[in-house]
Structures are given as structure tokens and as C-alpha cells.
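So the structure is just underneath, and the comments pick up after that.
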Amino acid sequence: MFKIVKREEMSQGTVVLNEIEAPLIAKKAKPGQFVILKANETGERIPLTMAYTDPEKGIIAVIYQVVGKSTALFKTLKVGEGYQDVIGPLGKPTHVENIGKVVCVGGGTGVAVMHPITRAMKQAGNHVIAIIGARTKDLLILEDFMRAASHELHVCTDDGSYGRHGFVTHALKDILDKEKIDQVVAIGPVPMMKFVSKLTQEYNVPTLVSLNPIMVDGTGMCGGCRVSVGGKTQFACVDGPEFDGHKVDFDELMRRLQAYCEEEKMCHNEFCMLEESWHK
Amino acid sequence: MAEGTSPKEKKEKKNRVRMPEQDPQVRARNFLEVPTGYTPEMAKEEAARCLQCKNPGCVDGCPVGIDIPGFIKLAKEGDFTQSIRNVWTQNSLPAICGRVCPQETQCEGKCILAKKGEPVAIGNLERFVADWERAHGSGALPPKAAPTGKRVAVVGAGPAGLTVAGDLIQKGHEVTVFEAFHKPGGVLLYGIPEFRLPKEIVAQEVNFLERLGVKVQCNAVVGRTVTLDELFEEGYQAIFLGLGAGLPKFMNIPGENLIGVLSANEYLTRANLMKAYLFPKVDTPIPRGKDVVVLGGGNVAMDSARTALRLGADRVRLVYRRSRDEMPARAAEAHHAEEEGIEFFLLTNPTRYIGNEKGRLTGMECIKMELGEPDASGRRRPVPVKGSEFELSCDLCIVAVGTGANPLLTSSTPDLKINKWGYIEADSKDGKTFKKGVWAGGDIVTGSATVILAMGAGRTAANSIHDYLMRGW
């Protein structure tokens, strides 16, 4: 078992942080890489990009949004309990080098994945501007961490309840209009990454996105995570998870993410009913 | 001598004892094993058909050289306990091999009885003695050599790796098997379906190795979680790579990323390893197609087609570009598939997938093929018949057209030499790679083949590793 040593709820309980004992993975993991977690014997293998690691303590951290049956099950795990299986580190690490001015855009729980990359970009000597966004103030995560990891931080909320009123793309556009940016990294919901990539293409700024399609093994074996990049099929688990945002077919990715929506509904509803009956 | 007149000849003609099977109509809707196994009487009767040849062809036909007449003789006498122990000396995984080996091209193909009639059912007998031991045996382990103090790392808990582990633990070495998945078994677990190889049997065969002292470490992606050089630093003196050929091949035709097109690797891994056929009792879903097309003509294609049927398909069609004679599937599998109602579309190749506005598969376009000149594999090359395109409807397509080498480990280990297809270069006589202290065998060297060939390669490598540990490279 991979024990949970710290657990925190954020965004009104819709987002959960787990620090997990996984010394071998903690020793190896680099920003941008992911792990696969499986809660118990009947559980599903769920890929999550790591938020941070502590190699000395042998700890990795994941931050996930509760969206379906499996993440709802993850949420029930308490400190001292744990995951039956944690596999990693998987995927290629983010390519980090000193290239000048970098904008790191994080949306929703994507901010968690963006954080170690932002920090690495800053450590590599880049001037790092971070933009983070959420639907509303209460859903915003890791603001302080992102402020510390960057040189300047812009916060946006879709409903204007905090920071700038509007999408992260609005804040990004202002920056692109104002100064020359050498690289954009965008991690968040697929539509956000799509529109960030569309925008940066107009300004001809290289843009990295991190994709999280449906996958089973995470080692290149099943091909479930295939994405079209520049017209070629790539496996997100081994060829990614980061790709050139200007070449990714986001519409196909969005459709493929819907592959099991009926099954998910069925499974999740059943799980919620079970939980309710326990509470009764 | 006149043929067919001597009493001996008459004895030879005695028919093979059939292994009882579930009725095709019933089994096509369940995941229980198809053949249900011999009774002890049936086993003794079948064993009595063996002529106990002095120069047995069957042993030559076996990639691991099991003493086939020897174990069959013991079975005939009803001494199943010694019979299985005889098999164990050459094969640590008999319950598996008895079920999945292509016996018709190996041991049984070389049986003298096959010349005039049906060969001895060697596979069925191997299966029987292994199953009998599991159900009734003493559980007593085979003898083990004194500890040598040498440590071996085996990468991949599939048939090749498990064979190496079984051989080397019995020779007195310490063995740890590293497996990337959360459970050991490799293709035996994720690839071969429950109805052909119950997972309980794989678990018990692995448990047998663990009782012998083999350590199994799951969730260890060698190349990522730990590298080969780190394993050497940790004190392992030899490493065997039995990585398998786990990279799915696709057709590379338009529409392949539509929802409803899956690699057989993904489909079978969901069904077998993740037990998605029990969804929603387990959390991993699997698409349940009503109108299913499977591409390919090998065992994996048969397994996929038969799984689709069991998951409630109304119709399953197998599309294969060559003719029935060139189908690489084990004869029993193709036969079972047809019995269950799988339709074969031979000499047919898909040209594109067709989808709806939601990006879901609704059909495919195929073209008729005809056989031309033989190609590099010696099989006649299929060539498209111009203008013969036609459409098939389907809501699920499983692509079972082969696998390639997974580059995950080799790309992170530059001093391992690989060939142009990405397979590891290893000496066929001993399994040695170009990296000192590292052996490889099975599909990662040969490309996709059979369980028993992987085991044969494991046996060869294990002997060489033992030699190295005791005497040097």
C-alpha cells in the first residue's frame, strides 16, 4: 500500500490534495511527469500529473478534482489509508531551459501541475509570468504557491469574484500585446488549452500544453491515449504528456474524452447512492 | 507388412479422448473456461494411447524439451503426483502451457500417431496433471539447490520472465521479478482471456514461484522507476529482460481515432487485467459493442472477437486480409470462434473508418483482396482487388493486427543494442545482449510469438545466466 501522509480539501471540497509515500517515484520524478493511481482491488487506473515531490521524505503529491466514480473513491481515502497501487514516474518531463520570458498559464486543477513547471522555469533563469484562473474565487487553488514560483502573477475568475474578471486568455492577450514572450506553457481544461494555443499562434509564440486523455497502462501499451499532433498519432503517455499546442487536434481530444461518459454516469450514480445509504 | 491389420495398428487407431467442453451457445455468453478438463479416468485412457517411442518426436517438438513419454507413462499408471513433478523439471508453468501452447505445430504435430490418425492429446494431459496437483496435490515443492548468494533481477513477469525466475530460484540464486503492471503475469494476465486461461491459474502458478522464494515487485516500471544500471548498483549481478512486445500496431487509415476503435491490447487489458466485463462491479469500463468488427487473424483477434461476443454483441465479424490457410491463430481457437458464431470475412482489408458527428464509429469501408506471390514470410501476399470496396456497419472495431517493441526501457538504456524494429539484439544461442550482465528473451527479441517460445527463450537465458554467475561472462 502507498500511504497517504497528508490530505487537504480545496475549492469547497471539489479538489483534494494527497501527499503519498512513494520513495522510488519521488526520487525519480521531474516536473511534468505523471503517476497512475489505483485505489483498491476493483479500482480503475487513473493518471494524474504530480503537483510536487519531496525526494528526501519520499513523498509525492497529487491534486485532483472530484469528477467521477474513481476520484470520488479517492476522496474517501483518509490519512493513514492509501492507494493499493501507484505507478511512475511516467511520461516525458517538461523540457526546461533558459529561453527568456515565459508565461505559465494554469486553469482549474491544472494550476497544480503548472506549479512545479513554473518553479523550474524560474530556477532555470527565465523571467516567469504566471496566470491562473478558475470559474469563481472559491475554486481557485495554490495562489500563494504560484506567486512564490513566478516573478509576476495574474489571477482571473470567470465570474469576476476575485482578481481580473474574465478568462486567462484575456490576461494572456494583454501580455502578448505588451511584450515579447518566448514561450507559453498552458495546463488546464481542454477548451482553455485550445484557446490559449489559438491565441499564441496568432502571436507566433511556441506553446506547450499537457494532455490528460483516457489511458489504461500509461506505458505505451494500450494506445487508448492517442492524440493527433500535426496530423500524426501520438501516445500521450510515452510521447507526451506535453505537446506543441499549435499542432494538437483539441476537438478530437475533447470528443475522445467523452468515450465513456455513459458508463461514468452509471458508475458514479451507483457509487453516490451507496455512499448515501452508508450515511443513512 | 500390410497396413492396418496387425493388433498393434488396431490399438493405435483408438480415438483420442475428447476433453468435455461447454456448449457453444452457452459459453458464448459467459467467461467460464471453454474446455472443462479430463477426469482421472479420461486422463489414464488417453495416456494409454501413447506408444512410448524410443526416439520421441514430441520431445523434439517441445521448445522446453519436456519428457513427454515419461510424464504420460506416470499419468497412465495413475501416479499423477510424480507425473507433474516430471513436467516441473522442464516447465514451471504447465497448467498454462497445457492450455495455450499451439500443440498441433509442436509436440502433437510430431507425434507418431498423427501420421495415421489423431496424436496423443499431450496438451490436455499436461493440463490435467497440473490441475490435479493444484486440486489434490501435496503442495510439496521440487528440490532447490543450496543458496549461491547471487542475485538476479528479472524484468517483466510474463512467460519468459517467470520461466527464468523459476529456473534460477531452483538453481539456488536469489530472484526478484519487476513488473510494470499492478499484478504479475504479463500477457497471460492482460492478454489471454479468462475463458481460455482462468486468471486464478496464473495467480497460482506465480504463487508456486513465490513459495519457491521468488520475490515479485509490481508497479515497477524499469527504465522509469529504476534503471538497469541502478539495479546493478543495488547488487543484482545479472538481469533478464522479458519485456514482451507491448506496443499496439494500428492500420494507419483515416478515422482510426474515432471513439469505438480500440487496439486489442487496450480492449483485452480492460477485459482481462481490469476485469471490466464485471463493470459496474469494478470501476474500469469497456465498450460493449452490438455490431463488432475485429481486424486480424491471430490468436489475439480470436480472443478479442470471442470477448466481444461474451460482452453482449449481436454480431461479431472478423476481417482478415489473407485466406483461412494463412491465419496464424491456433487451430482450436479459430474452430472455437466459428462454433460460437463469429463470422469470418477473409481476403478483406479495411480502407477507412466511418464515424458520426460525435466522433463515434458507425462503420468502415473495406476492400476485397486476392492472393499474389509469396512474401518474405513465405505466405502469399494479399493484393487489393480494384474497385471492390464495400461498407460494413459496426459500432466497435478492435484492431488486432500485431504488436511491436515498446521503446520505454530501450530508449532509456542506450547501451542496449536494438534492431531497426526496436527489438533487443540478443544472441539466439544464450540470450546475451550487447550490455554486460544483461540477457533478453521472448517477444522483445523475436517480435510477437507464443507463450511457449518465450518460455523456451527464458530457459536458454536462465542456463546462460547460471553459467555466468558460477563461472563469468
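Here are a few things to note about the model shown:
- Whichever residue in the range B:316-337 is touching a helix residue (DSSP H, G or I) at 6+ places or on another chain (Cβ under 9 Å) and charged (D, E, K, R) and, among such residues, is most open to solvent (accessible area, probe 1.4 Å): B:Arg324
- Conditions (1) surrounded by fewer than 20 Cβ atoms within 10 Å (Cβ to Cβ); (2) within 18 Å of the chain's Cα centre (by Cα): number failed by A:Gly58: (2)
- When B:Lys215 is tested against (1) surrounded by fewer than 23 Cβ atoms within 10 Å (Cβ to Cβ); (2) closer than 22 Å to B:Gly246 by Cα; (3) among the charged types (D, E, K, R), exactly one condition is not met: (2).
- Residues located in the range B:288-316, provided they are assigned to a loop (DSSP other than H, G, I, E, B) and of a type in the set (D, E, K, R): B:Arg288, B:Lys290, B:Asp314
- Those strands (runs of 3 or more DSSP E) lying entirely in the range B:361-444 with at least 1 residues of a type in the set (Phe, Trp, Tyr): B:390-393, B:438-440
- Taken over the range A:128-177, the residue count meeting the criterion of being under 18 Å from A:Pro31 (Cα atoms), open to solvent by 60 Å² or more (accessible area, probe 1.4 Å) and either out of contact with any helix residue (DSSP H, G or I) (no Cβ under 6 Å at 6 or more places or on another chain) or outside any helix (DSSP H, G or I) (or both) is 2.
- Condition met for A:Gly224 (within 14 Å of another protein chain (Cβ to nearest Cβ), at positive phi, assigned to a loop (DSSP other than H, G, I, E, B) and not hydrophobic (A, V, I, L, M, F, W, C)): no
- Checked against (1) under 15 Å from the mean Cα position of the chain (by Cα); (2) within 14 Å of chain B (Cβ to nearest Cβ); (3) open to solvent by 20 Å² or more (accessible area, probe 1.4 Å), A:Pro213 meets all criteria but (3).
- Qualifying residue in the range B:93-113 (condition: under 30 Å from B:Tyr236 (Cα atoms) and either assigned to a loop (DSSP other than H, G, I, E, B) or open to solvent by 40 Å² or more (accessible area, probe 1.4 Å) (or both)): yes
- When the residues of the range A:28-40 are filtered to those that are more than 9 Å from chain B (Cβ to nearest Cβ), within 19 Å of A:Pro213 (Cβ to Cβ) and aliphatic (A, V, I, L, M), the one that is surrounded by the most Cβ atoms within 10 Å (Cβ to Cβ) is A:Leu37.
- Each residue in the range A:109-127 was checked for being out of contact with any Pro (no Cβ under 6 Å at 6 or more places or on another chain) and not in a loop (DSSP other than H, G, I, E, B), and 12 pass.
- Test result for B:Gly246, over 14 Å from A:Met215 (Cα atoms), within 11 Å of chain A (Cβ to nearest Cβ), open to solvent by less than 10 Å² (accessible area, probe 1.4 Å) and not hydrophobic (A, V, I, L, M, F, W, C): yes
- Answer residue from the range A:227-249, given it is open to solvent by 10 Å² or more (accessible area, probe 1.4 Å) and assigned to a helix (DSSP H, G or I) and is farthest from B:Leu408 (Cα to Cα) among those: A:Asp239
- Residue among B:Asn265, B:Asn272 that is surrounded by 24 or more Cβ atoms within 10 Å (Cβ to Cβ), in contact (Cβ under 8 Å) with a residue 60 or more places away in the chain and facing chain A (nearest Cβ under 7 Å): B:Asn265
- Residue ID - farthest from the chain's Cα centre (by Cα), chosen from residues in the range A:61-85 that are among the aliphatic types (A, V, I, L, M) and part of a loop (DSSP other than H, G, I, E, B): A:Leu77
- Residues (touching a Phe, Trp or Tyr at 6+ places or on another chain (Cβ under 7 Å), within 17 Å of B:Lys249 (Cβ to Cβ) and either at pLDDT below 90 or not small (Gly, Ala, Ser) (or both)) located in the range B:398-433: B:Ile398, B:Val399
- Filtered residue count, the range B:336-360, keeping only those that are in contact (Cβ under 8 Å) with a residue 24 or more places away in the chain and either away from chain A (no Cβ under 14 Å) or assigned to a helix (DSSP H, G or I) (or both): 17
- Of all residues making up the range B:179-191, the number that are within 11 Å of chain A (Cβ to nearest Cβ) and either in a loop (DSSP other than H, G, I, E, B) or not β-branched (Val, Ile, Thr) (or both): 8
- Sole residue being without any contact (Cβ under 8 Å) to a residue 24 or more places away in the chain and either buried (at least 17 other Cβ atoms within 10 Å of the Cβ) or under 23 Å from the mean Cα position of the chain (by Cα) (or both), chosen from B:Ile424, B:Ile418, B:Ile444, B:Ile398: B:Ile418
- Qualifying positions in the range B:340-360 - under 30 Å from the mean Cα position of the chain (by Cα) and either among the aliphatic types (A, V, I, L, M) or farther than 19 Å from B:Gly296 by Cβ (or both): B:Ile342, B:Leu346, B:Leu347
Quick grid of which residues meet (1) within 14 Å of chain B (Cβ to nearest Cβ); (2) modelled with pLDDT under 95; (3) in contact with a Gly (Cβ under 8 Å, 6 or more places away or on another chain):
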{"position": "A:Thr14", "(1), (2), (3)": "no, yes, no"}
{"position": "A:Glu19", "(1), (2), (3)": "no, no, no"}
{"position": "A:Ala26", "(1), (2), (3)": "yes, no, yes"}
{"position": "A:Gly108", "(1), (2), (3)": "no, yes, yes"}
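- Per-region count, the range A:51-70, residues within 13 Å of another protein chain (Cβ to nearest Cβ) and in contact (Cβ under 8 Å) with a residue 40 or more places away in the chain: 3
- Criterion: in a loop (DSSP other than H, G, I, E, B), within 13 Å of chain B (Cβ to nearest Cβ) and surrounded by 18 or more Cβ atoms within 10 Å (Cβ to Cβ) - qualifying residue of A:Gly88, A:Gly43: A:Gly43
The values are calculated or read from the model by the stated rules, or taken from the named source; none is laboratory data. Quantities reported herein were computed from a predicted structural model and do not represent experimental measurements. All Cβ positions, glycine included, derive from the backbone under ideal geometry; neighbour counts span all protein chains shown. Just so you know, the surface numbers come from the protein's heavy atoms only, side chains and all, with ligands and any DNA or RNA stripped out. Shrake-Rupley method; radii C 1.70, N 1.55, O 1.52, S 1.80 Å.
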